Amino acid sequence: MEILVVLAIIGILVSIATGVYVSRVDDARMTRARADIQAIEAALDIFRLDNFRYPSNAEGLQALAERPNDPDLRWPQGGYMRRLPMDPWNRPYLYSNPGRNGEVDIYTLGRDGQAGGEEQDQDIGNWNLDQQP
């Protein structure tokens, strides 16, 4: 009987610890997404300073890492980013020009990959970087 009580207590502690760990992993992913979006936004701003425009939807974010097929484009050696990061859920970041929330939108659809959502499933974009889940 004592062994069963000890096992039950251990099970409860493990379930609590697992919940805390999973929550921290999700928080870290959301923090990383915000940092990635800020880095992409900074690279886009430099692109705009050089070319007087943001990349088109057709050029997309890839225009920061690979030279678009535009002979009039100013392009620094090495590009504006060495490579584009994937979001923390291993999907590409999304880009819209013009944006619905600003001049351009840079965003990820969160953990669930669906538009909208709450907490860990919320969309994270350059328009809501300061909001916490």
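For I46, are the conditions met, namely being touching a strand residue (DSSP E or B) at 6+ places or on another chain (Cβ under 6 Å) and either surrounded by 14 or more Cβ atoms within 10 Å (Cβ to Cβ) or at pLDDT 90 or above (or both)? Spelling it out, it is not the case that I46 is touching a strand residue (DSSP E or B) at 6+ places or on another chain (Cβ under 6 Å) and either surrounded by 14 or more Cβ atoms within 10 Å (Cβ to Cβ) or at pLDDT 90 or above (or both). Annotation note: Cβ proximity below 8 Å between a residue of region 46-65 that is in contact (Cβ under 8 Å) with a residue 40 or more places away in the chain and at negative phi and a residue that is in a loop (DSSP other than H, G, I, E, B) and open to solvent by 90 Å² or more (accessible area, probe 1.4 Å) (sequence gap 6+ or interchain) occurs for Y54/E103. The set of residues in region 72-131 that are aliphatic (A, V, I, L, M) and either more than 22 Å from D27 (Cα to Cα) or not in a loop (DSSP other than H, G, I, E, B) (or both) comprises L73, M81, M86, L94, V104, I106, I124. Checking each residue in region 72-117 for being at positive phi, surrounded by fewer than 10 Cβ atoms within 10 Å (Cβ to Cβ) and not polar (S, T, N, Q) picks out only G78. Candidates are the residues of region 59-71 that are open to solvent by less than 100 Å² (accessible area, probe 1.4 Å) and part of a loop (DSSP other than H, G, I, E, B); the one that is farthest from A43 (Cα to Cα) is D70.
Among the residues of region 46-69, is any of a type in the set (S, T, Y) and under 16 Å from G125 (Cα atoms)?
Within region 46-69, none of the residues are of a type in the set (S, T, Y) and under 16 Å from G125 (Cα atoms).
The values are calculated or read from the model by the stated rules, or taken from the named source; none is laboratory data. Predicted model, so just to flag it, every value in this text is computed and none were measured. No Cβ is skipped: glycine too gets one built from the backbone with ideal geometry, and neighbour counts run over all protein chains shown. Side chains included, ligands, DNA and RNA excluded: accessible areas come from the protein's heavy atoms. Shrake-Rupley method; radii C 1.70, N 1.55, O 1.52, S 1.80 Å.
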